[in-house]
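Beneath this line is the structure, given in structure tokens, with notes to follow.
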Amino acid sequence: MDNISTDVLIVGGGPAGLSTAIALADKLKQRGENKKIMLIEKGSSIGSHILSGAVIRPEVFKHLLTTGEFDGIPFDSKVGDDVTLKLNDNGSETVLPFHPPYMSNYGNYVASLSQVCKYLATLAEERGVEIYTGFSVDSVVYDSDNKVIGVKTKDTGVDHHGVKQKNFQEGTTVEAAITVFAEGTRGSAVKTVVEKLNLDAGKNPQVYSLGVKEIWKVPDGRVEAGSVKHTFGYPLRDKEEFGGGFIYGLSENRVALGLVVGLDYQDPSFDVHAAMQVWKTHPYISKILEGGHVIEAGAKTLPEGGWNSVVKYYADNMMIVGDSAGFLSTPRLKGVHLAVRSGICAATAASEALVNGDTSKASLSKYEELVNGSSIYKELYPVRNMRAVMQDGMLIGGLKMSLQLITGGACLMVPKVEADYLTTKTIRAFSAEPFKDRFAGKLDYDKKLTFDKVTTVYYSKAMHDENQVPHLVVNNEEQFKSSNINEFGLAEASMCPAEVYELHIDKKSGEKSLRLHAENCVHCKTCDIKSPNSGITWTTPYGGDGPDYNMM
């Protein structure tokens, strides 16, 4: 078995991991220390698994990069026109005469986060950081005292049943003085660390939204580069679903648009991907897209629990940064600037720990001290109850949110936050109108404006080696059949934006069973988050498998 070692191992090549690498390389150089920094990424290239809106607050990059490097960031367009509007069920829209709190995007930039990450990777490599793409972490390695000492990458060359083939290659164990988990939303390795070390004790459960996004090329004059529009209302129902849409103008007559919906909905048949297609049929949106064509598509979850759901983000020899820790501002719909800031804080703590030869939990508590003195705390703490009160709907939730602006986040009667998999009701228990009835006549896709899930998979360029153990694990087959299939009607088939889960009904016996199409997976992690009974565990497939985003 291959064993390699490094001083610092960063798992994940998104904005948090790359910022950690850049800041750490700079800080060690300033101290005259020569340490090895290694970053591994499961995507086939940096940026290939990155999906975000994205409207980015640029200031934090000035604390990370030189002036020349900052000027070279491939932001697409500076935000110009910036509006929030309510889409009505009758096809009309109402433009709000003001910005909801925190929603102004003055001074921000519309960008492809995938492209920004590619750029940051070149800057990290220039600083001597070793970056290896196409490596999936299979498990976290601990010493005899349950302290993290590194990770093991995935074995390759096994068949569907796990039988070793001629090309079998055992995964590599990478040991490190400090391991930084930067896996993004619902990281599969960090999830196991949080469970093992009880890092979520005393915290609210993390809650998530699912965003389905498309990039279109549209005719001239349809959308200004840098224009930002956020929608609420249609097709979502207040108090039943939390969320809204975004339409961002890019250069070269491109537009990034998507629908983001909280995964705390109750309807077992609710389908975010289908809801996004319905959303596009609203005249306000369809007139922007008419005569255009989709060029890229995908889906991703976002951690929306806020400060009260942020896990303990350090322990002996390890730290957690970015979305993996839960650093995302729900009222701003933004996490990139917080990911970068968390990377800078973690790098500062790591450099001190390495110089002092002490990577203990006590030493790395410096990271928490830095976060609490940073913009992360200043931004997240005052809105810590925001996502919870929005369960009360736009009116009551909005009033409570406004009250929190005055009280610094304190609020009476904050609804309890439940993990998303607990909020789904069985078919029998769900008494409201099911999804298909709500949108009867609107779920036939014309393949011009609206698309089925397989088309989205095509435009995500998702590929998986089919000669491997499926990376989506049914945790308890018996319970899955009796409950997830028979009581919930295979809610996974509706929630998944990529048609990974198919309900098969035997023509003769009427027997229901699951057909799994793991090769369609776009790595959004929705099933791992929302599957009733925590029925599915998402694990990493072979390195390099999954979507191949370029502009997302």
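Quick look at the numbers
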read-out: Per-q log10 I(q)/I(0), the range 428-552, q = 0.11, 0.15, 0.18, 0.22 Å⁻¹ (Debye; single scatterer per alpha-carbon; no solvent); value: -0.44, -0.81, -1.11, -1.38
read-out: Cα-based Kirkwood hydrodynamic radius, the range 423-502, one decimal, Å; value: 15.2
read-out: Hits among aspartates and glutamates - C-alpha to C-alpha of Lys361 under 15 Å, sequence gap 8 or more where chains match; value: Asp143, Asp145, Asp316, Glu352, Glu369
read-out: Orientation-averaged projected area, Cα convex hull of the range 83-217 (nm²); value: 16.3
read-out: Kyte-Doolittle mean at least 0.5, axial Cα span of 24 Å or more - DSSP H helices of the chain; value: 336-356
read-out: Two-site FRET efficiency, Leu422 against His161, from Cβ-Cβ distance with R₀ of 25 Å, rounded to 0.05; value: 0.15
read-out: Interchain or long-range residues, amide H under 5 Å from Gly546's placed H; value: Met463, His464
read-out: 1.4 Å probe accessible area per residue over the chain, in Å²; value: 41
read-out: Viscosity 0.692 mPa s, temperature 37 °C, Stokes-Einstein D of the range 1-108 from Kirkwood C-alpha radius, µm²/s; value: 185
read-out: Where only C-alpha atoms are counted, convex hull volume of the range 483-552 per residue in Å³; value: 98
read-out: Per-residue ³J(HN,Hα) for the range 230-235, Karplus 6.51 cos²θ - 1.76 cosθ + 1.60, θ = phi - 60°, Hz, x for Gly and Pro; value: 10, 10, 9, x, 3, x
read-out: Reciprocal mean inverse distance between Cα atoms of the range 131-170 - Kirkwood radius, Å; value: 11.9
read-out: Distance violations [Cα-Cα > 24 Å] among Lys36/Lys461; Lys164/Lys300; Lys147/Lys203; Lys280/Lys436; value: Lys36/Lys461; Lys164/Lys300
read-out: √(5λ) per eigenvalue of the Cα gyration tensor, the chain, largest first, Å; value: 34, 29, 23
read-out: 37 °C / 0.692 mPa s Stokes-Einstein diffusion coefficient of the range 88-139, Kirkwood radius on C-alpha pairs, µm²/s; value: 205
read-out: Phi to ³J(HN,Hα) by Karplus 6.51 cos²θ - 1.76 cosθ + 1.60 over the range 428-441, Hz, x for Gly, Pro; value: 5, 7, 7, 9, 6, 5, x, 3, 5, 6, 4, 10, 4, x
read-out: Surface share of carbon and sulfur [accessible, 1.4 angstrom probe, percent] for the chain; value: 49
read-out: Peptide ranges 463-476, 300-313, 512-525 listed from the most packed, as the mean C-beta count within 10 angstrom indicates; value: 300-313, 512-525, 463-476
read-out: Ranked by how many other beta carbons lie within 10 Å on average, peptides 19-26, 162-169 from highest; value: 19-26, 162-169
read-out: 3J(HN,Hα) from dihedral phi, the range 467-476, Karplus parametrisation 6.51/-1.76/1.60, rounded to Hz, x for glycine, proline; value: 8, 7, 5, x, 7, 9, 9, 7, 6, 9
read-out: Members of Lys213/Lys447; Lys196/Lys366; Lys118/Lys166 lying beyond 24 Å, as alpha-carbon distances in this model show; value: Lys118/Lys166
read-out: Amide H contacts of Glu93 (H built 1.01 Å from N, under 5 Å, at least 5 apart or other chain); value: Asn88
read-out: FRET efficiency, 1/(1 + (r/R0)^6) with R0 60 Å, evaluated for Glu477 and Lys62 via beta carbons; value: 0.70
read-out: Convex hull of the range 188-323 built on C-alpha atoms - directionally averaged projected area, nm²; value: 10.5
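The values are calculated or read from the model by the stated rules, or taken from the named source; none is laboratory data. Fair warning: this is a prediction, and the values are worked out from it, not measured in the lab. Positions of Cβ are backbone-derived with ideal geometry, glycine not excepted, and every protein chain shown enters the neighbour counts. With ligands, DNA and RNA removed, areas are computed over all heavy atoms of the protein, side chains included. Shrake-Rupley method; radii C 1.70, N 1.55, O 1.52, S 1.80 Å.
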